[in-house]
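The values are calculated or read from the model by the stated rules, or taken from the named source; none is laboratory data. All figures in this text were calculated on a predicted structure; none of them were measured in a lab. Every residue, glycine as well, gets a Cβ built from its backbone with ideal geometry; the counts of neighbours run over all protein chains shown.
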Amino acid sequence: MANIILAKNPPVATVILDQPDDLNRLTPASMALLGRIIDDIGSDGTIHAVVVTGAGDKFFSAGLLNPEIRAGMSKEDVLEFVFLANRVFDTLAALPQIVIAAINGDIMAGAVELALACDIRIAADDATLTMPEAKWGGFPGAGAPHRLGMAVGHARALELICTGREIDATEMDRIGLVQALHPRAAVKDAAQAMALTIGTNGPLATRGAKRILRTRQAPGFDEARALSDELRDALEWSEDVDEGLAAHREGRKALFKGK
């Protein structure tokens, strides 16, 4: 099911991942819908700030794929989904409006990449974040390798991606991944208040500032983005991915061979 809600209250638009009974997970259908919603927002001259959040108060989102979901998909379907997510998140990042991720609960895997495509991130003070793909023999394929480093630095990005460890909200704040923490019950209201403040400021000013900052980040970004797709394609056909899935299914530690 493609359950994403778009609520417009100019100058703010709110995008809600609305599948709380499935941890607000993004599916191919909901990813395609998200792409259409982003296109709609981008063409709306009355919207100057956007909030992206999850329904309920437990999970912002559990992301796109886990070993159980991957096991029911062909490799071609997995790659098609990952590359779709990359295109949608690129479009989100390129919106002229300022986009705020209100991380109202735990966030995993591809959902971290969704948040990284936003301009500003605030989080519940008891939220957790994890990118476990390396434990499954993969790497985040929808933006983390080329966006996380811009947020937290090269070394910290590599450490988080390559260990797959879980971090809490305090560490998210300390390393600069999020810009503010709030009690879980207040994080959505805080995001709306920030969006309204931004949205009622001069749109030429806010959009111009975003454009300048994106231009400053641009050198090397397109090359890294293309390399991500190239390496992710090769990875899907590796023995290590098959081993990671088998180990997860069998409840054992994976024995990776690097091929």
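Would you be able to tell me the number of residues in region 129-148 that are more than 16 Å from the chain's Cα centre (by Cα) and not aromatic (Phe, Trp, Tyr)? Step through it out loud before you land on a result.
Residues of region 129-148 that are more than 16 Å from the chain's Cα centre (by Cα), as a first pass: 134-138.
After this cut, where a residue has to be not aromatic (Phe, Trp, Tyr) as well, the list is 134-135, 137-138.
Adding up the residues that qualify gives 4.
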Margin query: Going by what's in this entry, would Ala247 be described as closer than 21 Å to Asp119 by Cα and over 20 Å from the mean Cα position of the chain (by Cα)?
Written below: no
Notebook entry, point to check: How many of the residues making up region 49-75 are outside any strand (DSSP E or B) and modelled with pLDDT of 90 or more?
Noted result: 1
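Here is a yes/no grid of residues against (1) surrounded by fewer than 21 Cβ atoms within 10 Å (Cβ to Cβ); (2) polar (S, T, N, Q); (3) more than 27 Å from Gly220 (Cβ to Cβ):
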{"site": "Ile122", "(1), (2), (3)": "no, no, yes"}
{"site": "Gly141", "(1), (2), (3)": "no, no, no"}
{"site": "Leu160", "(1), (2), (3)": "no, no, no"}
{"site": "Arg184", "(1), (2), (3)": "yes, no, yes"}
{"site": "Gln192", "(1), (2), (3)": "yes, yes, yes"}
{"site": "Leu196", "(1), (2), (3)": "yes, no, yes"}
Check: Which of (1) of a type outside the set (A, V, I, L, M, F, W, C); (2) buried (at least 17 other Cβ atoms within 10 Å of the Cβ); (3) under 17 Å from the mean Cα position of the chain (by Cα) does Pro11 not meet, given it meets every other one?
Finding: (3)
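Tell me yes or no: at least one residue of region 19-28 is farther than 30 Å from Gly202 by Cβ, polar (S, T, N, Q), in contact (Cβ under 8 Å) with a residue 24 or more places away in the chain and assigned to a helix (DSSP H, G or I).
The initial filter retains those residues of region 19-28 that are farther than 30 Å from Gly202 by Cβ, namely 19-28.
Still in the list and also polar (S, T, N, Q): 19, 24, 27.
Of the ones still in play, those that are also in contact (Cβ under 8 Å) with a residue 24 or more places away in the chain are 19, 24, 27.
When the remaining residues are screened for being assigned to a helix (DSSP H, G or I), the result is none.
No.
May I ask you to list the residues in region 125-138 that are touching a Leu at 6+ places or on another chain (Cβ under 8 Å) and either part of a helix (DSSP H, G or I) or closer than 11 Å to Ala109 by Cβ (or both)? Full working, then the answer.
Here is the first cut: in region 125-138, the residues touching a Leu at 6+ places or on another chain (Cβ under 8 Å) are 125, 129, 131, 136-138.
Within region 125-138, Leu129, Met131, Trp136, Gly138 meet the criteria.
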Next item on the list: Report yes if Leu33 is touching a residue at least 12 places away in the same chain (Cβ under 8 Å), out of contact with any Gly (no Cβ under 7 Å at 6 or more places or on another chain), outside any strand (DSSP E or B) and of a type outside the set (D, E, K, R), otherwise no.
Entry: yes
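Each row is one residue, and each column tells you yes or no for (1) over 23 Å from Thr163 (Cβ atoms); (2) assigned to a helix (DSSP H, G or I); (3) out of contact with any Lys or Arg (no Cβ under 8 Å at 6 or more places or on another chain).
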position: Asp90; (1), (2), (3): yes, yes, no
position: Pro96; (1), (2), (3): yes, no, no
position: Val99; (1), (2), (3): yes, no, yes
position: Leu114; (1), (2), (3): no, yes, yes
position: Ile122; (1), (2), (3): yes, no, yes
Margin query: Quick check on my filter: what residues within region 115-155 are over 29 Å from Arg70 (Cα atoms) and basic (Lys, Arg)?
Written below: none
Item checked: Residue that is surrounded by fewer than 16 Cβ atoms within 10 Å (Cβ to Cβ), farther than 25 Å from Ala85 by Cα, at pLDDT below 95 and among the hydrophobic types (A, V, I, L, M, F, W, C), where the choices are Leu227, Leu255 -> Leu255
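Could you go through region 43-50 and let me know if any residue there is surrounded by fewer than 22 Cβ atoms within 10 Å (Cβ to Cβ) and in contact with a His (Cβ under 8 Å, 6 or more places away or on another chain).
Pass one, region 43-50, residues surrounded by fewer than 22 Cβ atoms within 10 Å (Cβ to Cβ): 43-46.
Next, from what is left, pick out any that are in contact with a His (Cβ under 8 Å, 6 or more places away or on another chain): none.
No; the residues of region 43-50 include none that is surrounded by fewer than 22 Cβ atoms within 10 Å (Cβ to Cβ) and in contact with a His (Cβ under 8 Å, 6 or more places away or on another chain).
Could you check region 223-258 and list, in sequence order, the residues that are of a type in the set (Asp, Glu) and within 17 Å of Leu65 (Cα to Cα)? Steps first, please.
Step one: of region 223-258, the residues of a type in the set (Asp, Glu) are 223, 229-230, 233, 236, 239-240, 242-243, 250.
Listed by number, the residues that qualify are Asp229, Asp233, Glu236, Asp240, Asp242, Glu243.
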Checklist line | Every residue from region 101-112 that is part of a helix (DSSP H, G or I) and of a type in the set (A, V, I, L, M) | finding: Ala111, Val112
Margin query: Can you say whether Gly105 is modelled with pLDDT of 90 or more and surrounded by fewer than 22 Cβ atoms within 10 Å (Cβ to Cβ), as far as the supplied structure shows?
Written below: no
Margin query: Take Ala151 and tell me if it is within 17 Å of the chain's Cα centre (by Cα) and surrounded by 15 or more Cβ atoms within 10 Å (Cβ to Cβ).
Written below: yes
Check: Which of the helices (runs of 4 or more DSSP H) contained wholly in region 159-259 include at least 1 residues that are closer than 20 Å to Ala109 by Cβ?
Finding: 169-174, 221-236, 239-250
